[in-house]
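Read-outs throughout are calculated quantities, based only on the coordinates presented, and are distinct from any laboratory measurement. This structure is a prediction, so every number in the text was calculated from the model and none was measured. Every residue, glycine among them, receives a Cβ derived from its backbone with ideal geometry; neighbour counts consider all protein chains shown.
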Amino acid sequence: MTVLARVALAALLVSSPAAAQQAADAVAPEAATQGHFAGLSGAAAEALRHKQAGQPVTAERWMIAVANPLAAEAGADVLRAGGSAADAMVAAQLVLGLVEPQSSGLGGGAFLIWYDAASGELTTLDGRETAPLAATPRLFQDDGGAPLEFFDAVVGGRSVGTPGTPALLAEAHRRWGRAGWAELFEAAIALADNGFAVSPRLAGLVGRDAARLARYPATAAYFLPGGRPVAAGQTLRNPAYADTLRRLAEGGAQAFYTGPLAAEIVTTVQGAEGNPGVLSDLDLAIYRVRERPPVCVTFRAHEVCGMGPPSSGALTVGQILGMLEHYPPGAPDDPDTWRRIGDASRLAFADRGRYMADSDFVPMPTKGLVDPDYLKARAALLAGDDALPEVTPGAPEWDHARIWADDDALELPSTSHISIVDSHGNVLSMTTTIENAFGSRLMAGGFLLNNELTDFSFRSHRDGVPIANRLEPGKRPRSSMAPTIVMKQGAPVLAVGSPGGSRIIGYVAQAIIGWIDWGLDVQQAVSLGHGVNRFGTFDLEAGTAMADLLPEMEALGYNVSVRDLNSGLHAIEIGDGLRGGADPRREGIALGE
């Protein structure tokens with residue numbers, strides 16, 4: 001890349017604390033060391049300074065990049081003691097569920113991709129929530145068959161699916177753990193018992209959602225003590241969560257899915273005043289994690305690999321990159337580069353809305369969607385000079401015939417992401433969620449329960465044609481989570497992923513493009529200003545130079561919206577040592593030695 005191109009690229013990066021604060025998520029190192037993250041190690045404080053300066057963190061042996069410094073430290077302690085990436089993930093996730101409860105936790109689900117250094121193999125595990133056996137396709141419709149308003153469906157028991165995260169933690173540890181199971185709970189138990197300082201991000205989100213959080217007594221008592229939202233820097237204790245963790249440390253994941261805790265979850269869901277759900281003891285007892293084949297697409301001599309159905313993440317990211325593969329890399333400040341990225345995304349999202357769902361329940365053209373010849377034909381549509389006037393689903397090859405109608409499911413941003421490389425050479429990328437911020441707003445056992453069922457289409461049919469992502473008993477809702485490991489010549493070179501609802505796909509694809517096509521380091525790649533186009537409107541990130549492209553993108557024929565785009569990318573580059581980056585829009589860090 002030329003010097004001029006690098007100067008132009010620098011203008012697109014989210015590099016100032018002011019820009020990050022505009023998204024209400026940045027935490028300056030000064031704040032972190034003066035109460036908001038009191039007691040952090042020197043390494044964690046240094047990692048925060050690296051992020052603020054736009055510099056990657058470097059290491060030789062191991063690294064973790066995660067959405068909260070306290071979770072990063074819990075995982076780092078495990079890695080430092082020789083634990084595996086799976087061990088560190090368990091410790092970090094348990095802390096995230098306490099200090100970042102609005103995004104993920106025991107009451108939610110997750111997708112994980114693992115590179116095993118000993119075998120050289122990639123494995124993906126599906127810990128997605130399932131629809132209760134008593135659920136019907138009309139669960140989110142009123143008496144007249146019309147779809148409910150989104151938050152009328154979300155808040156309460158109706159939206160709660162069977163949580164998958166506890167089972168996924170146990171399965172990952174069973175396969176790849178080195179440390180003792182119970183010891184991985186110690187950091188989270190101590191923080192829950194002794195208290196942690198509420199972060200500015202958590203405090204801000206509680207304040208904005210106070211009316212919904214006040215609806216159920218247990219949730220209100222925790223997040224709104226005395227009727228007032230918790231404040232940044234306030235010490236928050238969660239003895240109920242500590243008790244839950246002790247049960248799981250002693251009894252394993254089984255203590256979540258059967259017994260008193262399971263009964264408490266079911267009672268909470270079925271007894272949710274005004275909006276009860278149908279989750280049962282049997283739904284919890286029969287939940288299982290599924291191993292799925294990874295989905296990989298070639299991009300610039302790399303293999304970009306991730307989670308297949310029921311996630312649309314790897315397929316849609318793969319389609320975007322697979323189409324761009326047929327064009328030379330464009331300059332990062334050229335509107336035409338973003339035109340190709342945006343229209344490739346629109347084409348991929350058209351296929352996503354038509355075809356992608358839980359392949360255990362509906363036939364899917366998974367291979368056809370990422371077939372090189374199919375992507376080449378779709379890429380030919382990008383050859384013009386202006387925005388595509390209309391985008392429709394393609395016709396990928398099927399193993400059988402099937403016709404689906406287009407989906408209209410909402411998927412609003414929350415979620416969290418963890419990237420880890422351990423001293424044994426294993427690599428983990430996991431995206432974890434309870435769906436909307438604070439999920440169903442119901443608490444049981446000190447943790448929030450998901451609202452994941454609202455990721456299904458509220459409609460079952462359109463014009464008499466069934467929708468692939470319709471709700472069915474036992475089915476897993478479609479997701480956009482895109483935990484990714486990038487391979488080159490059979491070895492991992494990048495672990496990356498993000499929260500952000502259906503915009504996750506654009507965030508991850510753009511970070512990979514920045515790292516591969518534009519030669520960015522991982523911190524620059526996760527800090528890159530966003531331009532995301534899913535359904536026709538081009539979203540340009542406020543507070544970055546991407547917003548300055550508004551007149552050029554309008555001239556190309558797009559409807560354009562300048563808005564906050566709150567990604568939470570966490571990435572680790574694996575090469576001559578390790579380099580980690582954490583999204584400046586959130587409060588996470590990368591730690592390593």
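Results, tabulated for the structure shown:
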quantity	calculated
Under 16 Å from the Cα of residue 367 - aspartates and glutamates, other chains or at least 8 residues apart	303, 351, 358, 397, 399
Pairwise Cα inverse-distance average, inverted: Kirkwood Rh of region 297-406 (Å)	14.3 Å
J(HN,Hα) series, region 166-178, from Karplus relation 6.51 cos²θ - 1.76 cosθ + 1.60, nearest Hz, glycine and proline x	x, 5, 5, 4, 5, 5, 4, 5, 4, 6, 10, x, 10
Separation in nanometres of the label points that stand 7 Å from Cα toward Cβ, at residue 175 and residue 138	4.0 nm
Cα gyration tensor category, rounded, prolate or oblate, for the chain with a/c compared to 1.5	rounded
Ordering of 275-284, 89-98, 249-258, 419-428 by packing [mean C-beta count within 10 Å, highest first]	89-98, 419-428, 275-284, 249-258
Cα-centre dipole for region 269-341 with unit charges at Cβ (Lys and Arg positive, Asp and Glu negative), debye to 20	220 debye
Assigned charges on the beta-carbon of Lys, Arg, Asp, Glu; the chain dipole about Cα centre (debye)	580 debye
Region 464-593: C-alpha gyration tensor shape, a/c 1.5 cut-off, then a/b vs b/c	oblate
Shape category assigned to region 415-483 from the gyration tensor of Cα positions, a/c cut at 1.5	oblate
Ranked 532, 370, 391, criterion: other C-beta atoms within 10 Å, fewest first	391, 370, 532
Distance (nanometres) between label positions extended 7 Å along Cα→Cβ at residue 301 and residue 58	2.4 nm
Environment charge at residue 329 (Cβ cut-off 13 Å; Lys +1, Arg +1, Asp -1, Glu -1)	-3
Positive-end residue, the chain charge dipole about Cα centroid, Cβ charges, pick of 557, 164, 204	164
Residue 258-residue 282 pseudo-label distance in nm [points 7 Å out on the Cα-to-Cβ vector]	1.6 nm
